[in-house]
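Working notes, beginning with the structure itself.
The values are calculated or read from the model by the stated rules, or taken from the named source; none is laboratory data. Quantities reported herein were computed from a predicted structural model and do not represent experimental measurements. Because the Cβ atoms are built from the backbone with ideal geometry, glycine has one as well, and the counts that use them run over all protein chains shown. Note: accessible area is taken over every heavy atom of the protein model, side chains too, but ligands, DNA and RNA are not part of it. Shrake-Rupley method; radii C 1.70, N 1.55, O 1.52, S 1.80 Å.
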Amino acid sequence: MTHSLLNPTRRAFLAGTAALGGGAMLGIRPASAAVNWKKHAGTTLEVNLVKSPRSETLIKYLGEFEELTGIKVNAEATPEQQQRQKVVIELSSGKPSFDVVHLSYHVQKRQFEKGKWLADISGFLKDPSLTDPSLVEKDFADAGMLFAKDSDGVLRSLPFSVDYWIVYWNKELFEAKGLKYPETFEELVTAAEKITDPATNTYGFVARGLKNANTPVWTSLMLGYGAKPIGADGKLVTESKEAVEAAKLYQRLMTKAAPPGVSGFNWAEAQSAFLQGKIGMWFDGVGFAPPIENPEKSRVVGKVGYGVMPKGPATQAAGTFGDGLGVVEASSKKEAAYLFCQWAISHEMGARLLQAGAGVPFRQSILEDQKVREGVKMPAAWLDAVVGSGKVSQLALPVIIPVTEFRDIYGVGLTNMIGGADPAAELKKATEQFAPVLARSEG
């Protein structure tokens, strides 16, 4: 590629980014000159995204990618449930209408692998004319690479945004009881129960109690006991001592320290309760933080701490969920599609995602970049919780096809536990119900 061809695109790209205003651009780097960005100029790409603050950020800056590459992008963002159904139907047909697809790793990874729907992009990653030299596997949190590679270790997607589960805590309520942030599960329970005072409508803990939504709360707790719902041999271990202990902990927190009606709470209800200032701790995804610091929505602005999940009896682990972007195997425009995926998870786009509070990139170099950090609107403690969680991240849901059924079946058991049912008996019942579903899916 000649120098003269490259300069106008670089200049235009830099002029475009500069025009977006200095403050919002902290830590934004120009596109790498080593990459032949114009290689597929004139191509049109169809991109299928999930509607979210993350896809809104991508769509907002699409013009920059088009200017940089000469590739036209038609991006469609649809609500999560609709998008999941649509992509499965189209990919199964062998003739999908899109070249790039946004996948929810914790729900779709195994299904996409089994269908062989995503292209092998490991060769592209090693090609210096296609890949920015800063884009290397070791820059991603471990969980990101676990998600992005198939069971044979082949790279099938690029990790886009990660959701670690953290503890949001009300510093004022902790100080009133002379408590500090819990370092262990035991201290977490003690703090939750000390803060709880139904007479003043104050409760020490809130999390999802609604069936299906509540399952990741239990599986995230299970990680602290050194266990996962499915063992390395692919067999269910949801009746193990560790699984039962995690369920008992869930039951205790949700019955002794949570507000009334918590069995009907999804994340939105839990968030809303926490914003009122009467909840000691809220356990959920790191991406739900922005409203907490918004004076129009929150009564706890400036009073909230953000903590990495305390250590369980066996280990400290942050439950991890995430999204990726993949090149469709059936696409005839794989290199152009890869350029789009690479741009979407680039340093500049990751910085924007983080600075807008719209999501957290899997790339550690972005999180550790001082300039990027200066542009983050959230408190430094939030970013520290993100970085700290990345160091102890573990996948919180099993990588299986029937994830939704798993969440539904065990979710009913967990909701029953909030109503007083015996954890061991509920897990036994759920395991008997789910085992045949799992066996069928792998058959």
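Things worth noting here:
- DSSP beta bridges confined to the chain are antiparallel in about 65 percent of cases.
- Accessible area (Å², 1.4 Å probe, nearest 10) - S134: 50
- Accessible area expressed per residue, segment 43-101, with surrounding protein chains retained (probe 1.4 Å, Å²): 46
- Formal net charge of residues neighbouring L179 (Cβ-Cβ distance under 15 Å; K, R +1; D, E -1): -2
- As a fraction of the 1.4 Å probe accessible area of the chain, surface on carbon and sulfur atoms comes out at 53 percent.
- Formal net charge of residues neighbouring G42 (Cβ-Cβ distance under 14 Å; K, R +1; D, E -1): +1
- Angle between the chain longest axis and helix 3-19 axis [Cα atoms, degrees, rounded to 10]: 40
- Solvent exposure of segment 328-443 as accessible area per residue, Å², 1.4 Å probe: 35
- A Cβ-based charge dipole, computed about the Cα centre of segment 181-340 with Lys and Arg at +1 and Asp and Glu at -1, lands at about 240 debye.
- Rounded Å value of the spacing that divides the Cα centres of segment 318-379 and segment 65-139: 13
- Cα gyration tensor shape of segment 330-397, rounded if a/c is under 1.5, else prolate or oblate by comparing a/b with b/c: oblate
- Anisotropy class of segment 197-323 from Cα gyration tensor, a/c 1.5 cut: prolate
- Only Lys, Arg, Asp and Glu carry charge here, each on its Cβ (+1 for the first two, -1 for the last two); on that basis segment 290-443 has a dipole of about 300 debye about its Cα centre.
- Gaussian network model of the chain, springs between alpha carbon atoms under 10 Å - residue of V162, V100, V376 with greatest fluctuation: V376
- Candidates R352, R407, R156, ranked by Gaussian network fluctuation over the chain, Cα under 10 Å, top entry: R407
- Shape index of segment 65-221: Rg/Rh, with Rg the Cα radius of gyration and Rh the Kirkwood radius from the inverse mean 1/r over Cα pairs, equals 1.11.
- Alpha carbon convex hull of segment 319-443, volume per residue in cubic angstrom: 156
- Solvent-accessible heavy-atom area per residue, rounded to whole Å², over segment 249-306 at 1.4 Å: 40
- Helix-only CD estimate at 222 nm, as mean residue ellipticity for the chain, using -39500 (n - 2.57) per DSSP H run (n ≥ 4): -13500 deg cm²/dmol
- Nearest-20 debye value, segment 40-111 charge dipole, Cβ charges on Lys, Arg, Asp, Glu: 380
- Descending principal axes extents, the chain, alpha-carbon based, whole Å: 72, 52, 33
- Counted charge near K95, where neighbours are those whose Cβ lies closer than 15 Å (Asp, Glu -1; Lys, Arg +1): -1
- Amide H contacts of V360 (H built 1.01 Å from N, under 5 Å, at least 5 apart or other chain): V162
- Angle between the chain longest axis and helix 403-418 axis [Cα atoms, degrees, rounded to 10]: 20
- Relative contact order [Cα under 8 Å, 6+ residues apart], the chain, whole percent: 24
- Rounded to the nearest 10 degrees, the inclination of helix 105-115 to the longest alpha-carbon principal axis of the chain is 60 degrees.
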